[in-house]
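> Encoded as structure tokens, here's the structure I'll be asking about.
The values are calculated or read from the model by the stated rules, or taken from the named source; none is laboratory data. Since the structure is predicted, the reported quantities are computational estimates derived from the model, not experimental observations. Every residue, glycine among them, receives a Cβ derived from its backbone with ideal geometry; neighbour counts consider all protein chains shown.
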Amino acid sequence: MNTIILAIESSCDETSASIISNAKVLSNIIADQDVHKRFGGVVPELASRAHLQNIIPVVHQAISVAKIDKTQIQAIAFTRGPGLMGPLLVGLSFAKSMALSLNIPLIEVNHMQAHVLAHFIEDPKPSFPFICLTVSGGHTQLVLVEDHLNMKIAGQTLDDAVGEAFDKAAKLLGLGYPGGPEIDKHAALGDSSVYSFPISDMPDYNFSFSGIKTSLLYFLQKNLMKDPDFIKSNLNDICASYQKTLIDSLMQKLEKLAEDKGIGEIAIAGGVSANKGLRMAIQSTGNKKSWNTYIPDFQYCTDNAAMIAMAAHYKFLKGEFSDQAITPLARLSI
Ligand code: KG4
Ligand code: ZN
């Protein structure tokens, strides 16, 4: 049977729609919302309004790029959570109306599961069981993946997500939003051994990233008193040193889990997996430890509907559909 699914992602500040046919991505349209840039972070109310403006043109484009007719769609998938309530409501309400009008079922998708399943969009695909380090703006998780829809969290951040640690540092350094790509860009030009930042060691496979941004704040305040141009003159080295501390912390726990579980299939996912330093660290540690490493294409690291569609594909095969009374959940564990 030829399975065609439309998926909608609207959990944060990207409005995205994708069409997949038999697990092959036919289109993946993503509309970014520039409106948040001047506020230095996502403003939920503005995100909801932008989703309302974007959703119809984005879905239209996804259907037209896929070269299908909307009557061929067999199910509509949407992000149920975790995410911002207003944006989730826009995506879900749209999905409900379209599913009703086409008389087809709805499929709810967990956004964090979908980040992991982004690894099944392209080859090579990880084999089970594998470990996925999922790092985004709201989450930092070490996930044990037993099967497409069977995963559990082995460790996670107990406070800020690593993406937040990037974004908050960028703000302190006067860089734009989102901060991760900005820090990444400057870090590539700097020396990571110039400064050192402390990072709290958490028990088991857990992380903590709230202390490091405070230590960056005090470090900057102290140095700016001596030299008002301190940030400007040392930006690349500060970014490189700060980024290295974050990556080291992620790698330590990932290596510990891989060793304890005896698993050598290692994947990274989520917005922060676009980070060049992290991608390099995974590759070089992977080479040393003889891991098989899986690093998604850049377009599938940050939020996109193709990963939602991929998760929906596996649910469709199992006949897991949602009814019209379903509501979004801002908090939702995998
Ligand atoms: O997965 P994602 O697009 O949205 C969430 O579900 O949160 O992740 C967004 C996060 C932001 O914190 C952003 O700064 C970070 O991913 N990010 C990066 C890079 N690209 C995006 N962090 C570090 N380096 C990057 N190149
Ligand atoms: Zn995400």
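> Test Gly155 against the criterion of being outside any helix (DSSP H, G or I) and over 30 Å from Lys261 (Cβ atoms), and give yes or no.
On the way: outside any helix (DSSP H, G or I): yes; over 30 Å from Lys261 (Cβ atoms): no.
Judged against the criteria, Gly155 is not a match.
> Here is a follow-up. Could you tell me which of the residues Glu122, Glu146 is over 15 Å from Leu250 (Cβ atoms), in contact with a Lys or Arg (Cβ under 8 Å, 6 or more places away or on another chain) and outside any helix (DSSP H, G or I)?
On the way: Glu122 fails: in contact with a Lys or Arg (Cβ under 8 Å, 6 or more places away or on another chain).
Exactly one of Glu122, Glu146 is over 15 Å from Leu250 (Cβ atoms), in contact with a Lys or Arg (Cβ under 8 Å, 6 or more places away or on another chain) and outside any helix (DSSP H, G or I), namely Glu146.
> Counting residues that are touching a residue at least 24 places away in the same chain (Cβ under 8 Å) and among the small types (Gly, Ala, Ser), which strands (runs of 3 or more DSSP E) fully inside the range 1-79 reach at least 2? Lay out the reasoning, then the answer.
On the way: elements: 4-9, 14-21, 24-32.
Passing ranges, in order: 14-21, 24-32.
> Residues in the range 169-197 that are part of a loop (DSSP other than H, G, I, E, B) and either basic (Lys, Arg) or touching a residue at least 24 places away in the same chain (Cβ under 8 Å) (or both): how many?
To start, the set of residues in the range 169-197 that are part of a loop (DSSP other than H, G, I, E, B) comprises 173-178, 188-197.
Checking the rest, the ones that are also either basic (Lys, Arg) or touching a residue at least 24 places away in the same chain (Cβ under 8 Å) (or both) come to 173-174, 176-178, 188-197.
The number of residues fulfilling the criteria is 15.
> Residues to consider are Gly155, Gly81, Gly163, Gly137; find the one that is at pLDDT below 95 and small (Gly, Ala, Ser).
After applying the criteria, what remains is Gly137.
> Moving on to the next point. Is at least one residue of the range 149-158 under 30 Å from Arg38 (Cβ atoms) and buried (at least 16 other Cβ atoms within 10 Å of the Cβ)? Walk me through it before giving the result.
First, pick out the residues of the range 149-158 that are under 30 Å from Arg38 (Cβ atoms): 157.
Filter again for buried (at least 16 other Cβ atoms within 10 Å of the Cβ), leaving 157.
Taking every residue of the range 149-158 in turn, at least one turns out to be under 30 Å from Arg38 (Cβ atoms) and buried (at least 16 other Cβ atoms within 10 Å of the Cβ).
> Are any residues in the range 252-270 under 21 Å from Val162 (Cα atoms) and either at pLDDT below 95 or among the basic types (Lys, Arg) (or both), and if so, which ones?
Within the range 252-270, Lys253, Lys256 meet the criteria.
> While we're here: Can you pull out every residue in the range 43-68 that is under 11 Å from Thr15 (Cβ atoms) and surrounded by 20 or more Cβ atoms within 10 Å (Cβ to Cβ)?
Those that are under 11 Å from Thr15 (Cβ atoms) and surrounded by 20 or more Cβ atoms within 10 Å (Cβ to Cβ): Ala47, Ala50, His51, Asn54, Ile55, Val58, Val59, Ala62.
> Here are some residues: Ile308, Ile268. Which one is touching a residue at least 12 places away in the same chain (Cβ under 8 Å), outside any helix (DSSP H, G or I), within 16 Å of ligand 1 (Cβ to nearest atom) and within 27 Å of Pro181 (Cβ to Cβ)?
Matching residue, one of Ile308, Ile268: Ile268.
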